[in-house]
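Structure, as C-alpha coordinates:
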Amino acid sequence: MTASKPAAAVLLWLLISVALLWLSWACATHSARESISAELDTGLLPRIIAAKGFRIGQYERDDDLLAKINRDIQTLKPQAWLPVISECSLHLQALHGHPQPNAAKDGLIVLARQSTEGTQEFAFAFACQPDYAWWLPTQLGIAALLTALFLHLPRPLSPAGRRWQQTLQRHHPHQADDQNLLQQLRALKDNARPVMELLLQQPGCPVPVALQIARQINQNGKQVEPAWLLKALEQYPDQPDQVVRVACSPARLHFDTAAQTAEIHGIPLRLPLTPFLYYLWYAGIRADSPADEGWFTNPPTNRPDYEQGRRLSQLMQHYGGHGKAINDLQSNGLKAKTLDQNRSKIKDELVSVLGETLAADYLFETARDAQSGRSKYRIKLPPEAITGVEEVSEISLNTADQAT
(Lines give C-alpha, C1' and ligand atoms only; values in the text may rest on other atoms or scores of the structure.)
Protein backbone atom coordinates (compact mmCIF):
# COMPACT_ATOMS: atom_id res chain seq x y z
CA MET A 1 0.00 0.00 0.00
CA THR A 2 1.43 3.37 -0.94
CA ALA A 3 1.62 6.29 1.47
CA SER A 4 -1.37 7.99 -0.17
CA LYS A 5 -3.72 5.06 0.40
CA PRO A 6 -3.90 5.29 4.23
CA ALA A 7 -4.51 9.03 3.98
CA ALA A 8 -7.27 8.43 1.46
CA ALA A 9 -8.81 5.77 3.72
CA VAL A 10 -8.81 8.14 6.71
CA LEU A 11 -10.34 10.92 4.64
CA LEU A 12 -13.02 8.57 3.35
CA TRP A 13 -13.76 7.40 6.91
CA LEU A 14 -14.10 11.00 8.09
CA LEU A 15 -16.48 11.88 5.27
CA ILE A 16 -18.65 8.82 5.90
CA SER A 17 -18.59 9.52 9.65
CA VAL A 18 -19.81 13.09 9.19
CA ALA A 19 -22.52 11.93 6.82
CA LEU A 20 -23.70 9.19 9.19
CA LEU A 21 -23.69 11.49 12.22
CA TRP A 22 -25.73 14.09 10.37
CA LEU A 23 -28.12 11.53 8.90
CA SER A 24 -28.67 9.63 12.15
CA TRP A 25 -29.27 12.85 14.09
CA ALA A 26 -31.62 14.23 11.46
CA CYS A 27 -33.61 10.98 11.39
CA ALA A 28 -33.73 10.71 15.18
CA THR A 29 -34.88 14.29 15.73
CA HIS A 30 -37.42 14.02 12.93
CA SER A 31 -38.81 10.84 14.48
CA ALA A 32 -38.94 12.44 17.92
CA ARG A 33 -40.59 15.55 16.56
CA GLU A 34 -43.26 13.50 14.79
CA SER A 35 -43.90 11.48 17.95
CA ILE A 36 -44.20 14.56 20.17
CA SER A 37 -46.35 16.37 17.62
CA ALA A 38 -48.78 13.45 17.56
CA GLU A 39 -48.99 13.34 21.36
CA LEU A 40 -49.52 17.08 21.56
CA ASP A 41 -52.17 17.07 18.91
CA THR A 42 -54.14 14.09 20.18
CA GLY A 43 -53.43 14.14 23.90
CA LEU A 44 -52.23 17.24 25.65
CA LEU A 45 -53.87 20.12 23.79
CA PRO A 46 -57.40 18.69 23.85
CA ARG A 47 -57.14 18.38 27.62
CA ILE A 48 -55.94 21.95 28.04
CA ILE A 49 -58.20 23.65 25.56
CA ALA A 50 -61.39 21.65 25.20
CA ALA A 51 -61.64 19.02 27.92
CA LYS A 52 -64.26 19.59 30.66
CA GLY A 53 -65.26 22.95 29.21
CA PHE A 54 -61.90 24.68 29.65
CA ARG A 55 -61.28 27.44 27.17
CA ILE A 56 -58.23 29.56 26.59
CA GLY A 57 -60.08 32.61 27.77
CA GLN A 58 -60.58 31.04 31.24
CA TYR A 59 -56.93 31.63 32.06
CA GLU A 60 -56.42 35.03 33.60
CA ARG A 61 -53.07 35.61 31.92
CA ASP A 62 -51.16 34.05 29.04
CA ASP A 63 -48.42 33.26 31.51
CA ASP A 64 -50.78 30.97 33.39
CA LEU A 65 -51.58 29.08 30.20
CA LEU A 66 -47.92 28.89 29.23
CA ALA A 67 -47.00 27.57 32.63
CA LYS A 68 -49.76 24.99 32.48
CA ILE A 69 -48.76 23.76 29.01
CA ASN A 70 -45.03 23.76 29.68
CA ARG A 71 -45.61 21.81 32.90
CA ASP A 72 -47.73 19.22 31.18
CA ILE A 73 -45.51 18.67 28.13
CA GLN A 74 -42.65 17.52 30.35
CA THR A 75 -44.56 14.26 30.74
CA LEU A 76 -44.31 13.48 27.00
CA LYS A 77 -41.99 10.61 25.99
CA PRO A 78 -40.69 10.95 22.41
CA GLN A 79 -40.15 7.75 20.43
CA ALA A 80 -37.05 8.33 18.30
CA TRP A 81 -36.14 6.32 15.23
CA LEU A 82 -32.65 5.69 16.64
CA PRO A 83 -31.64 5.62 20.32
CA VAL A 84 -29.22 8.49 19.81
CA ILE A 85 -31.23 11.03 21.82
CA SER A 86 -30.59 11.42 25.52
CA GLU A 87 -33.44 13.86 26.19
CA CYS A 88 -35.61 16.44 24.49
CA SER A 89 -36.97 19.74 25.74
CA LEU A 90 -40.19 21.32 24.54
CA HIS A 91 -41.43 24.81 25.30
CA LEU A 92 -44.41 26.73 24.10
CA GLN A 93 -42.76 29.53 22.19
CA ALA A 94 -45.67 31.55 20.82
CA LEU A 95 -49.22 32.07 22.06
CA HIS A 96 -51.72 34.44 20.47
CA GLY A 97 -48.92 35.47 18.12
CA HIS A 98 -46.67 36.61 20.97
CA PRO A 99 -43.25 34.91 20.80
CA GLN A 100 -41.55 33.61 23.92
CA PRO A 101 -37.78 33.73 24.50
CA ASN A 102 -37.05 29.98 24.30
CA ALA A 103 -34.78 28.96 21.41
CA ALA A 104 -35.89 26.40 18.83
CA LYS A 105 -32.65 24.43 18.36
CA ASP A 106 -34.15 21.53 16.42
CA GLY A 107 -37.13 23.32 14.92
CA LEU A 108 -40.67 24.28 15.74
CA ILE A 109 -43.82 22.25 16.20
CA VAL A 110 -46.77 24.41 15.18
CA LEU A 111 -50.26 23.13 15.98
CA ALA A 112 -53.63 24.77 15.37
CA ARG A 113 -56.70 24.14 17.52
CA GLN A 114 -60.27 25.32 17.10
CA SER A 115 -61.78 26.90 20.18
CA THR A 116 -64.81 29.07 20.97
CA GLU A 117 -62.54 32.01 20.45
CA GLY A 118 -61.47 30.89 16.98
CA THR A 119 -58.35 29.21 15.63
CA GLN A 120 -55.46 29.22 18.06
CA GLU A 121 -51.87 28.46 16.99
CA PHE A 122 -49.35 26.97 19.38
CA ALA A 123 -45.65 27.14 18.38
CA PHE A 124 -43.47 24.81 20.43
CA ALA A 125 -39.67 25.15 20.48
CA PHE A 126 -38.15 21.70 20.14
CA ALA A 127 -34.58 20.80 21.20
CA CYS A 128 -32.85 17.47 21.88
CA GLN A 129 -29.58 16.40 23.46
CA PRO A 130 -27.64 13.46 21.94
CA ASP A 131 -26.59 10.40 23.87
CA TYR A 132 -22.90 10.80 23.03
CA ALA A 133 -21.85 7.56 24.72
CA TRP A 134 -23.99 5.58 22.26
CA TRP A 135 -24.27 7.88 19.28
CA LEU A 136 -20.60 8.57 18.49
CA PRO A 137 -19.17 5.02 18.89
CA THR A 138 -21.93 3.39 16.86
CA GLN A 139 -21.81 5.87 13.97
CA LEU A 140 -18.01 5.98 13.84
CA GLY A 141 -17.89 2.18 13.96
CA ILE A 142 -20.42 1.86 11.15
CA ALA A 143 -18.37 4.40 9.16
CA ALA A 144 -15.25 2.26 9.65
CA LEU A 145 -17.06 -0.84 8.41
CA LEU A 146 -18.41 1.00 5.37
CA THR A 147 -14.96 2.38 4.62
CA ALA A 148 -13.40 -1.08 4.75
CA LEU A 149 -16.15 -2.47 2.55
CA PHE A 150 -15.77 0.34 0.03
CA LEU A 151 -11.99 -0.08 -0.16
CA HIS A 152 -12.34 -3.80 -0.84
CA LEU A 153 -14.98 -3.42 -3.51
CA PRO A 154 -13.67 -3.73 -7.10
CA ARG A 155 -13.30 -0.36 -8.71
CA PRO A 156 -15.45 0.35 -11.76
CA LEU A 157 -13.56 -0.59 -14.90
CA SER A 158 -12.35 2.12 -17.22
CA PRO A 159 -13.00 1.76 -20.98
CA ALA A 160 -9.50 0.23 -21.29
CA GLY A 161 -10.25 -2.15 -18.43
CA ARG A 162 -13.50 -3.25 -20.06
CA ARG A 163 -11.66 -3.95 -23.33
CA TRP A 164 -9.12 -6.10 -21.49
CA GLN A 165 -11.92 -7.92 -19.70
CA GLN A 166 -13.67 -8.62 -23.01
CA THR A 167 -10.41 -9.96 -24.46
CA LEU A 168 -9.98 -12.25 -21.47
CA GLN A 169 -13.59 -13.43 -21.72
CA ARG A 170 -12.97 -14.49 -25.32
CA HIS A 171 -9.68 -16.28 -24.79
CA HIS A 172 -9.28 -16.91 -21.03
CA PRO A 173 -12.80 -16.70 -19.53
CA HIS A 174 -11.77 -18.17 -16.17
CA GLN A 175 -9.54 -15.13 -15.56
CA ALA A 176 -11.82 -12.40 -16.91
CA ASP A 177 -12.79 -11.22 -13.40
CA ASP A 178 -9.28 -11.28 -11.94
CA GLN A 179 -9.00 -7.68 -10.71
CA ASN A 180 -5.28 -7.95 -10.03
CA LEU A 181 -4.65 -9.15 -13.59
CA LEU A 182 -6.86 -6.40 -15.03
CA GLN A 183 -4.94 -3.81 -13.05
CA GLN A 184 -1.62 -5.09 -14.43
CA LEU A 185 -2.99 -5.06 -17.97
CA ARG A 186 -4.18 -1.47 -17.61
CA ALA A 187 -0.66 -0.47 -16.51
CA LEU A 188 0.94 -1.58 -19.80
CA LYS A 189 2.32 1.11 -22.08
CA ASP A 190 1.23 1.64 -25.67
CA ASN A 191 4.06 -0.46 -27.11
CA ALA A 192 3.18 -3.48 -24.94
CA ARG A 193 -0.63 -3.47 -25.27
CA PRO A 194 -0.76 -4.90 -28.83
CA VAL A 195 1.81 -7.48 -27.73
CA MET A 196 -0.36 -8.60 -24.83
CA GLU A 197 -3.51 -8.72 -26.94
CA LEU A 198 -1.72 -10.86 -29.51
CA LEU A 199 -0.28 -13.21 -26.90
CA LEU A 200 -3.65 -13.67 -25.18
CA GLN A 201 -5.01 -14.97 -28.48
CA GLN A 202 -2.40 -17.75 -28.64
CA PRO A 203 -3.83 -21.01 -27.24
CA GLY A 204 -0.43 -22.30 -26.13
CA CYS A 205 0.62 -19.17 -24.26
CA PRO A 206 -0.41 -19.09 -20.57
CA VAL A 207 -1.48 -15.72 -19.23
CA PRO A 208 1.44 -15.46 -16.73
CA VAL A 209 3.95 -16.06 -19.55
CA ALA A 210 2.20 -13.54 -21.79
CA LEU A 211 2.16 -10.98 -19.00
CA GLN A 212 5.86 -11.48 -18.26
CA ILE A 213 6.73 -10.98 -21.93
CA ALA A 214 4.56 -7.88 -22.19
CA ARG A 215 6.05 -6.43 -19.01
CA GLN A 216 9.61 -6.79 -20.29
CA ILE A 217 8.69 -5.22 -23.61
CA ASN A 218 6.87 -2.55 -21.61
CA GLN A 219 10.09 -1.78 -19.73
CA ASN A 220 12.45 -1.54 -22.69
CA GLY A 221 9.98 0.59 -24.66
CA LYS A 222 10.77 -1.05 -28.01
CA GLN A 223 8.30 -1.71 -30.78
CA VAL A 224 8.10 -5.32 -31.92
CA GLU A 225 6.90 -6.93 -35.11
CA PRO A 226 3.98 -9.30 -34.42
CA ALA A 227 5.29 -11.96 -36.82
CA TRP A 228 8.67 -12.12 -35.10
CA LEU A 229 7.02 -12.14 -31.70
CA LEU A 230 4.95 -15.19 -32.61
CA LYS A 231 7.96 -16.90 -34.16
CA ALA A 232 9.95 -16.27 -30.98
CA LEU A 233 7.09 -17.70 -28.91
CA GLU A 234 7.05 -20.77 -31.16
CA GLN A 235 10.80 -21.27 -30.72
CA TYR A 236 10.86 -20.58 -26.96
CA PRO A 237 7.37 -21.33 -25.57
CA ASP A 238 8.53 -21.57 -21.95
CA GLN A 239 11.29 -18.95 -22.00
CA PRO A 240 9.84 -15.43 -21.81
CA ASP A 241 13.30 -13.84 -21.66
CA GLN A 242 14.30 -15.46 -24.95
CA VAL A 243 11.00 -14.46 -26.56
CA VAL A 244 11.62 -10.84 -25.62
CA ARG A 245 15.23 -11.00 -26.79
CA VAL A 246 14.23 -12.30 -30.23
CA ALA A 247 11.19 -10.04 -30.60
CA CYS A 248 13.26 -6.96 -29.77
CA SER A 249 16.30 -7.96 -31.83
CA PRO A 250 17.18 -5.89 -34.89
CA ALA A 251 16.81 -7.22 -38.41
CA ARG A 252 20.35 -8.59 -38.45
CA LEU A 253 22.18 -11.61 -39.85
CA HIS A 254 25.06 -12.62 -37.61
CA PHE A 255 27.41 -15.53 -38.21
CA ASP A 256 28.92 -17.51 -35.37
CA THR A 257 31.51 -19.62 -37.15
CA ALA A 258 32.57 -21.42 -33.98
CA ALA A 259 29.03 -22.67 -33.37
CA GLN A 260 28.33 -23.03 -37.12
CA THR A 261 25.15 -20.98 -36.76
CA ALA A 262 23.58 -18.09 -38.58
CA GLU A 263 21.64 -15.93 -36.14
CA ILE A 264 18.66 -14.37 -37.88
CA HIS A 265 16.76 -11.68 -35.96
CA GLY A 266 18.07 -13.22 -32.76
CA ILE A 267 17.17 -16.83 -33.67
CA PRO A 268 20.25 -19.05 -34.13
CA LEU A 269 19.97 -21.54 -37.01
CA ARG A 270 22.46 -24.37 -37.31
CA LEU A 271 22.90 -25.21 -40.98
CA PRO A 272 24.71 -28.18 -42.52
CA LEU A 273 28.38 -27.29 -42.82
CA THR A 274 28.70 -26.84 -46.60
CA PRO A 275 25.53 -24.71 -47.08
CA PHE A 276 26.56 -22.72 -44.00
CA LEU A 277 29.95 -21.91 -45.54
CA TYR A 278 28.37 -20.91 -48.86
CA TYR A 279 25.95 -18.67 -46.94
CA LEU A 280 28.92 -17.15 -45.09
CA TRP A 281 30.75 -16.58 -48.38
CA TYR A 282 27.77 -14.81 -49.97
CA ALA A 283 27.34 -12.74 -46.78
CA GLY A 284 31.02 -11.73 -46.88
CA ILE A 285 30.65 -10.48 -50.46
CA ARG A 286 27.50 -8.50 -49.53
CA ALA A 287 28.96 -6.99 -46.37
CA ASP A 288 32.20 -5.97 -48.11
CA SER A 289 30.44 -4.07 -50.91
CA PRO A 290 28.55 -0.78 -51.25
CA ALA A 291 24.83 -0.91 -50.56
CA ASP A 292 23.86 -1.01 -54.23
CA GLU A 293 26.34 -3.75 -55.06
CA GLY A 294 27.39 -7.05 -53.45
CA TRP A 295 26.28 -9.26 -56.35
CA PHE A 296 27.98 -12.44 -57.50
CA THR A 297 27.28 -13.56 -61.04
CA ASN A 298 26.99 -17.29 -61.72
CA PRO A 299 29.85 -18.65 -63.84
CA PRO A 300 28.96 -19.91 -67.32
CA THR A 301 27.52 -23.42 -67.21
CA ASN A 302 30.37 -24.72 -69.39
CA ARG A 303 33.21 -22.78 -67.77
CA PRO A 304 33.72 -22.96 -63.99
CA ASP A 305 35.31 -20.04 -62.14
CA TYR A 306 38.65 -21.41 -60.90
CA GLU A 307 39.74 -18.19 -59.21
CA GLN A 308 36.63 -18.01 -57.02
CA GLY A 309 36.87 -21.76 -56.54
CA ARG A 310 40.32 -21.35 -54.95
CA ARG A 311 39.12 -18.52 -52.70
CA LEU A 312 36.06 -20.43 -51.57
CA SER A 313 38.11 -23.59 -50.95
CA GLN A 314 40.50 -21.55 -48.79
CA LEU A 315 37.52 -20.28 -46.78
CA MET A 316 36.27 -23.83 -46.32
CA GLN A 317 39.68 -25.05 -45.22
CA HIS A 318 39.87 -22.26 -42.63
CA TYR A 319 36.54 -23.23 -41.08
CA GLY A 320 36.95 -27.01 -41.31
CA GLY A 321 34.82 -27.70 -44.36
CA HIS A 322 34.33 -31.14 -45.86
CA GLY A 323 37.35 -32.43 -47.78
CA LYS A 324 35.29 -33.56 -50.76
CA ALA A 325 33.77 -30.09 -51.26
CA ILE A 326 37.20 -28.47 -50.91
CA ASN A 327 38.85 -30.85 -53.40
CA ASP A 328 36.03 -30.34 -55.90
CA LEU A 329 36.48 -26.56 -55.79
CA GLN A 330 40.25 -26.81 -56.15
CA SER A 331 40.12 -29.35 -58.96
CA ASN A 332 37.00 -28.35 -60.88
CA GLY A 333 36.49 -24.71 -59.95
CA LEU A 334 33.27 -23.02 -58.81
CA LYS A 335 30.32 -24.19 -60.88
CA ALA A 336 26.93 -22.50 -61.39
CA LYS A 337 25.20 -25.77 -60.55
CA THR A 338 27.02 -26.00 -57.20
CA LEU A 339 26.02 -22.45 -56.33
CA ASP A 340 22.38 -23.10 -57.26
CA GLN A 341 22.28 -26.27 -55.18
CA ASN A 342 23.69 -24.62 -52.07
CA ARG A 343 21.43 -21.56 -52.35
CA SER A 344 18.50 -23.97 -52.53
CA LYS A 345 19.72 -25.83 -49.44
CA ILE A 346 20.15 -22.54 -47.58
CA LYS A 347 16.60 -21.54 -48.47
CA ASP A 348 15.21 -24.89 -47.34
CA GLU A 349 16.93 -24.57 -43.96
CA LEU A 350 15.74 -21.02 -43.33
CA VAL A 351 12.18 -21.62 -44.49
CA SER A 352 11.86 -24.78 -42.38
CA VAL A 353 12.46 -22.72 -39.25
CA LEU A 354 11.23 -19.22 -40.10
CA GLY A 355 8.67 -19.76 -42.81
CA GLU A 356 8.61 -18.17 -46.26
CA THR A 357 7.67 -14.67 -45.15
CA LEU A 358 10.20 -14.16 -42.36
CA ALA A 359 13.00 -15.92 -44.22
CA ALA A 360 12.59 -13.83 -47.37
CA ASP A 361 14.71 -10.84 -46.30
CA TYR A 362 17.58 -13.12 -45.27
CA LEU A 363 17.68 -15.07 -48.52
CA PHE A 364 18.79 -14.08 -51.99
CA GLU A 365 17.55 -11.66 -54.55
CA THR A 366 18.38 -12.17 -58.20
CA ALA A 367 18.91 -10.01 -61.24
CA ARG A 368 20.27 -10.35 -64.76
CA ASP A 369 23.87 -9.31 -65.29
CA ALA A 370 23.86 -6.63 -68.00
CA GLN A 371 27.16 -7.68 -69.57
CA SER A 372 26.97 -11.46 -69.56
CA GLY A 373 23.22 -11.97 -69.45
CA ARG A 374 23.72 -14.53 -66.69
CA SER A 375 21.90 -14.53 -63.34
CA LYS A 376 23.52 -12.80 -60.40
CA TYR A 377 22.63 -13.15 -56.72
CA ARG A 378 23.11 -11.35 -53.44
CA ILE A 379 21.66 -11.47 -49.92
CA LYS A 380 18.75 -9.04 -49.60
CA LEU A 381 19.89 -7.46 -46.35
CA PRO A 382 21.91 -4.23 -46.52
CA PRO A 383 25.63 -4.59 -45.76
CA GLU A 384 25.38 -2.95 -42.33
CA ALA A 385 22.87 -5.60 -41.19
CA ILE A 386 25.39 -8.43 -41.69
CA THR A 387 27.97 -9.12 -38.97
CA GLY A 388 30.46 -11.82 -38.04
CA VAL A 389 31.95 -12.00 -41.56
CA GLU A 390 35.07 -9.91 -41.04
CA GLU A 391 37.39 -12.91 -41.48
CA VAL A 392 35.84 -13.77 -44.84
CA SER A 393 37.33 -10.68 -46.48
CA GLU A 394 40.74 -11.31 -44.93
CA ILE A 395 40.81 -14.91 -46.14
CA SER A 396 39.76 -13.86 -49.63
CA LEU A 397 42.51 -11.23 -49.74
CA ASN A 398 45.13 -13.71 -48.56
CA THR A 399 44.01 -16.21 -51.19
CA ALA A 400 44.24 -13.56 -53.92
CA ASP A 401 47.76 -12.61 -52.82
CA GLN A 402 48.86 -16.24 -52.91
CA ALA A 403 47.45 -16.65 -56.42
CA THR A 404 49.48 -13.72 -57.70
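The values are calculated or read from the model by the stated rules, or taken from the named source; none is laboratory data. It should be emphasised that the depicted structure is a prediction, and the values quoted were computed from it without experimental measurement. As a convention, Cβ positions derive from the backbone with ideal geometry for all residues, glycine included, and neighbour counts pool all protein chains shown.
Below, the figures for the structure above:
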quantity: The range 189-204: number of residues that are in a helix (DSSP H, G or I) and either acidic (Asp, Glu) or within 14 Å of residue 244 (Cβ to Cβ) (or both); calculated: 5
quantity: Exclusive hit being in contact with a Gly (Cβ under 7 Å, 6 or more places away or on another chain), not assigned by TED's automatic domain parsing to the domain that holds residue 215 and not aromatic (Phe, Trp, Tyr), set 312, 277, 271; calculated: 277
quantity: Residue tally, condition of a type in the set (S, T, N, Q), surrounded by 13 or more Cβ atoms within 10 Å (Cβ to Cβ) and not in a strand (DSSP E or B), over the range 364-398; calculated: 3
quantity: The lone exception for residue 168 - which of (1) within 30 Å of residue 380 (Cβ to Cβ); (2) buried (at least 17 other Cβ atoms within 10 Å of the Cβ) it fails; calculated: (1)
quantity: Pair list, Cβ under 6 Å, 6 or more apart: the range 18-41 residue over 16 Å from residue 86 (Cβ atoms), other residue small (Gly, Ala, Ser) and in a helix (DSSP H, G or I); calculated: 20/143
quantity: Some residue of the range 306-320 being assigned to a loop (DSSP other than H, G, I, E, B), within 19 Å of residue 260 (Cβ to Cβ) and not β-branched (Val, Ile, Thr); calculated: yes
quantity: In the range 254-288, the residues that are over 19 Å from residue 324 (Cβ atoms) and assigned to a helix (DSSP H, G or I); calculated: 282, 283, 284, 285, 286, 287
quantity: Qualifying residue in the range 360-380 (condition: of a type in the set (A, V, I, L, M), more than 53 Å from the chain's Cα centre (by Cα) and either at pLDDT below 95 or within 30 Å of residue 224 (Cβ to Cβ) (or both)); calculated: yes
quantity: Selection within the range 240-264 - out of contact with any helix residue (DSSP H, G or I) (no Cβ under 9 Å at 6 or more places or on another chain) and at pLDDT below 95; calculated: 258, 259
quantity: Residue within the range 342-358 that is over 24 Å from residue 382 (Cβ atoms), in contact (Cβ under 8 Å) with a residue 12 or more places away in the chain, more than 40 Å from the chain's Cα centre (by Cα) and surrounded by 20 or more Cβ atoms within 10 Å (Cβ to Cβ) present; calculated: no
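Results for (1) without any contact (Cβ under 8 Å) to a residue 40 or more places away in the chain; (2) in contact with a strand residue (DSSP E or B) (Cβ under 9 Å, 6 or more places away or on another chain); (3) under 30 Å from residue 388 (Cα atoms), shown as yes or no for each residue.
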position: 200; (1), (2), (3): yes, no, no
position: 210; (1), (2), (3): yes, no, no
position: 234; (1), (2), (3): yes, no, yes
position: 257; (1), (2), (3): no, no, yes
